[in-house]
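Data block below; observations after.
The values are calculated or read from the model by the stated rules, or taken from the named source; none is laboratory data. Being a predicted model, the structure only gives us computed values, none of them experimental. With ideal geometry, Cβ positions are generated from the backbone for all residues, glycine too; neighbour counts draw on all protein chains shown.
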Amino acid sequence: MDNKRFWLGFNLVKGIGAVRMRALISYFDSLEDAWNAPTEQLVEAGLSKKLAESIASMRKSVDFERILAQMEKLNIQALTWDDELYPPRLKEIEQPPPVLFVRGEIIPEDHYAVAIVGTRQITPYGRQITEDLAAFLAGQGVTIVSGLARGVDAVAHSAALRAGGRTVAVLGSGVDKIYPPEHLQMAEKMMKQGAVISDYAIGTPPDASNFPPRNRIISGLSMATVVIEAGETSGALITAEFAAEQGREVFAVPGNILAPQSKGTNKLIQTGAHPLLSPQDLVQALNLTRAGQFKSARRALPADAFEAQLLAALGAEPVHVDAIRNQTGLPIEKVSATLTLMELKGMVRQVGGMNYVAVRESAADYDVGA
């Protein structure tokens, strides 16, 4: 946690996001060096003088011990780019948040996630579609991601919980400031069947300016974004825009052309979003049958000696399947077959070109004492 406190420190400085964080990491040997650097050196690293002075001011005022004690008290975890548990889909977007605060748990199954968003002024039609879709996807092992807002968001989260599935809420406030307050009980359930997350520091109150930027996280965590109902200026349309920019699929539920809540979704379809006519549209487009296999495999296939060997050969950096074979001495057929099962179980992830990384905190987590 000693190194993580510097991530937390920079996260408190307004104006330090993904771009400037990368610049600091590139320029300095460590984040600790960056945090303690004089303003002149911070300017040399590419920051403005004003921002460098803000860091110097924060350095004098921040109380890391108080922050860490509060996080421990509320069971808040901070995930950074350096953490293997940081959601891989989110890390793929152009500007992933350097720090993600989590209450609950992010697990490998959450790699199969769909965002369901929409208007706060939900209609009976929208409610039925949202409940049916969220429950169906949750039953297939898909994690439901939304923003905990009134209306479509709340219905989606609630339906996923009732179906026994996982759901993740992305807040426009600190994770210790649940908003709206009437959703506190729902959020507490989500911490047991998913997570409540935010890139805003603990103690950050909900503010109108915080919500549009957080929508990039909702879409970034998800394979696809589904807009159920949305007016012409709905924040859900911002989420859909982020999803399209991130190369993720966008679906919209068609509605009555006279209904205000359908003007946004109908416009999305007109401009290229997939019309969602049934949950099967998502299953086919995203190959979501794999999510159910993934969930079953994690439950039914425990690690064995071969898996332990392969995990010992893997870490956070990609390793080619041929290098894995050479390191373990196992036949290529056995390596390939075992890696396939391990990927379904969430123990490894293929990152392209037959290169694999481990998805766990340490190889010991899966050691079966071969």
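Looking only at segment 20-45, count every residue that is surrounded by 15 or more Cβ atoms within 10 Å (Cβ to Cβ) and not in a helix (DSSP H, G or I) and tell me the total.
Result for segment 20-45: 3.
Go through (1) within 11 Å of the chain's Cα centre (by Cα); (2) of a type in the set (Lys, Arg); (3) closer than 18 Å to Leu171 by Cβ one by one and return the number of the condition Lys91 breaks.
(3)
Could you check Gly203 against (1) part of a helix (DSSP H, G or I); (2) of a type in the set (Gly, Ala, Ser); (3) surrounded by fewer than 21 Cβ atoms within 10 Å (Cβ to Cβ) and say which number it fails?
Checking Gly203 against (1) part of a helix (DSSP H, G or I); (2) of a type in the set (Gly, Ala, Ser); (3) surrounded by fewer than 21 Cβ atoms within 10 Å (Cβ to Cβ), the one that fails is (1).
Which of the residues that make up segment 118-145 are part of a loop (DSSP other than H, G, I, E, B) and within 21 Å of the chain's Cα centre (by Cα)?
Kept after step one, since they are part of a loop (DSSP other than H, G, I, E, B), are these residues of segment 118-145: 118-123, 140-142.
Of everything in segment 118-145, those that are part of a loop (DSSP other than H, G, I, E, B) and within 21 Å of the chain's Cα centre (by Cα) turn out to be Gly118, Gln140, Gly141, Val142.
Within segment 207-228, how many residues turn out to be at pLDDT below 95 and in a loop (DSSP other than H, G, I, E, B)?
Qualifying residue count, segment 207-228: 2.
Just to be sure before I move on: is Thr225 among the hydroxyl-bearing types (Ser, Thr, Tyr) and either touching a Lys or Arg at 6+ places or on another chain (Cβ under 7 Å) or buried (at least 24 other Cβ atoms within 10 Å of the Cβ) (or both) in the structure I sent?
Values: among the hydroxyl-bearing types (Ser, Thr, Tyr): yes; either touching a Lys or Arg at 6+ places or on another chain (Cβ under 7 Å) or buried (at least 24 other Cβ atoms within 10 Å of the Cβ) (or both): yes.
Answer is yes for this residue.
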